[in-house]
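Structure first, then comments.
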Amino acid sequence: MNNKNYILIFIILAVATGTYFLFTSDSKKTIDQSNEINYTKDGTQIVYCDENANRYNTQAEARAVGLTEAQFGTTYCPEYVAAQTGDYTDLTTIQAQEIAQARGDIFRVVEIDGQPQATTRDYQEGRINATVEDGLIIAYFIESTNPPAPESETTQAGSNDMILGMTVTEAEMYAQTNQIDFRVGTIDGVGMPVTADFRPGRITAELANDLVIGYTVE
């Protein structure tokens, strides 16, 4: 075999070896990228979520549980949804405060783990009043100074059904926002002392396990 053949074989081997290492290097780079924890320019960690609010630090974590790329992403995360739509459910208090500030919303927490928080009794149009449980916002309502439509004498109690399931604090805030008299009539089946006066439209609530389970309207 002459020298030209040796040189040709050497060149072929060199090209093949270079191609192999280039391919394997790109493959490793791709795999490494999917395992990397990424951050935004301001240093906030980028996380991925699925439609069930499960959170993943990397794309590889999301794929490891069997999710496809269409089933996870930053757009599924509650903080992204809140920034776009104003839905603060499932956010931490800090996340909600930051997003509310960015959106120009007024935000406060009125209850934490069943304990009412000290709040002012003023009204601010559009203010968000949140209920927090186990570190996450589970419910909230938005204040409105617009008075409710006048009720007729035949109006049924169902017109205020949204208070069902609320805590006392939430129900009181709802009543104050809508300029409705509110009081608690029974707690866990025990009657509370109430006045015998008559006030049209006043709500008398029935509580069980600290939640409104029924009510009457005068």
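General observations
- Residue ID - nearest to Gln117 (Cα to Cα), chosen from residues in the range 69-82 that are modelled with pLDDT of 85 or more and not hydroxyl-bearing (Ser, Thr, Tyr): Cys77
- Residue within the range 125-134 that is out of contact with any Ser or Thr (no Cβ under 8 Å at 6 or more places or on another chain), assigned to a strand (DSSP E or B) and among the acidic types (Asp, Glu) present: yes
- Ala53 being of a type outside the set (Ser, Thr, Tyr) and part of a loop (DSSP other than H, G, I, E, B): yes
- Consider the range 61-70 and keep the residues that are within 24 Å of the chain's Cα centre (by Cα) and assigned to a helix (DSSP H, G or I). The one that is farthest from Tyr39 (Cα to Cα) is Ala70.
- Test: residue in the range 154-167 that is modelled with pLDDT of 85 or more, surrounded by 12 or more Cβ atoms within 10 Å (Cβ to Cβ), in contact with a Lys or Arg (Cβ under 9 Å, 6 or more places away or on another chain) and polar (S, T, N, Q): no
- Residue within the range 87-109 that is surrounded by 16 or more Cβ atoms within 10 Å (Cβ to Cβ), touching a Ser or Thr at 6+ places or on another chain (Cβ under 7 Å) and at pLDDT 85 or above present: yes
- Residue check: Asp197 meets all listed conditions (1) surrounded by 12 or more Cβ atoms within 10 Å (Cβ to Cβ); (2) over 21 Å from Glu143 (Cβ atoms) but one, namely (1).
- Being within 20 Å of Ser159 (Cα to Cα) and either surrounded by 14 or more Cβ atoms within 10 Å (Cβ to Cβ) or within 30 Å of the chain's Cα centre (by Cα) (or both) is a description that applies to Ala175.
The values are calculated or read from the model by the stated rules, or taken from the named source; none is laboratory data. Quick caveat, the model's predicted, so the values are computed rather than measured. Neighbour counts are summed over all protein chains in view; Cβ atoms, including those assigned to glycine, are modelled from backbone coordinates with ideal geometry.
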